[in-house]
Amino acid sequence: MSSESPLPSASAVLWDATKSSYLIVFTFVMMFAGVGQLSARAGLDVLQTGVMTALTLAAPAQAAAMSIVLSAGGAAGGAWMTALTAVFVINLRFIVMVASVMARLPRMSIPRTIGTLGLLSASSFAVAFPRLVDHPPRRPALFVLFLCLLCCVSAVVGAVIGHSMSGTVSPLLGAVLGAVIPVYFATLLANQWKERALMLNAVAGAILVPLAAPVLGSTSLLVVPLVFAALSVALRRRTNDA
């Protein structure tokens with residue numbers, strides 16, 4: 001007889017994902033409320049705001065897109081192609097994140113992989129990847145799926161709330177919501193202090209991306225992390241071989 005314990009139930013995995021993501025879920029509601037306000041000012045309705053958030057799941061990309069649309073006179077303007085291009089370029093960073101998580105999951109079919117990682121965000125990656133490395137759950141793919149779903153739902157809820165509250169939110173509250181973003185990411189990174197390589201890459205990205213932005217534009221969000229990641233991997237291999 002096998003001595004292995006039975007796999008945890010789906011409800012147990014969901015509870016594990018909830019405990020791991022409660023900080024993101026709580027903060028996403030506030031963070032994406034700002035996105036909802038921007039989308040309302042840009043002329044999007046509630047349904048469009050919710051769909052955009054579910055498909056993008058990146059507050060910086062959505063804020064950039066809405067800023068472009070607003071600068072062109074709102075949703076009736078002709079800046080949608082420029083906005084979509086900005087979202088596409090900014091979200092290319094998810095290629096690296098998805099590949100990193102896939103390497104820690106069991107081999108899956110393409111449809112199942114898309115279903116599991118299709119809603120991955122930068123925040124859910126920051127929680128899921130260290131967990132997969134240090135203390136892998138017994139059902140890792142289901143854990144990642146639930147984690148991504150929880151983050152996605154909270155982002156959509158926040159965006160819809162922000163859209164509904166547009167015009168009623170004071171400038172002071174809007175400033176507070178904006179301040180949540182850097183505080184949130186600082187807290188998220190602080191929770192990963194044991195992962196020195198992850199912390200080093202995060203700090204380097206925070207410093208180098210703004211410096212490269214005047215030269216590379218929005219592509220700096222993709223080019224700088226890829227170059228620095230390649231250099232750090234090469235250095236690690238050289239150290240291990242020494």
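Details
- As a proxy for reagent exposure, ranking Ser166, Ser9 by other Cβ atoms within 10 Å from fewest up yields Ser9, Ser166.
- Exposure proxy order (Cβ contacts within 10 Å, fewest to most) of Asp45, Asp16: Asp45, Asp16
- Placing dummy labels 7 Å off each Cα toward the beta-carbon, the span from Ala213 to Ser9 is 4.8 nm.
- Neighbour counting of Cβ atoms within 10 Å sorts the residues His163, His135, fewest neighbours leading, into His135, His163.
- Sequentially through region 119-127, phi angles give Karplus couplings (6.51, -1.76, 1.60; θ = phi - 60°) of 10, 5, 10, 4, 6, 5, 5, 4, 8 Hz, Gly and Pro residues having no value and appearing as x.
Quick note: the coordinates plus some simple rules give every number you see, no bench work behind them. On a predicted model such as this, the values are computed, not experimentally measured, just so you know. Here the Cβ is made from the backbone with ideal geometry for all residues, glycine too, and neighbour counts use every protein chain on show.
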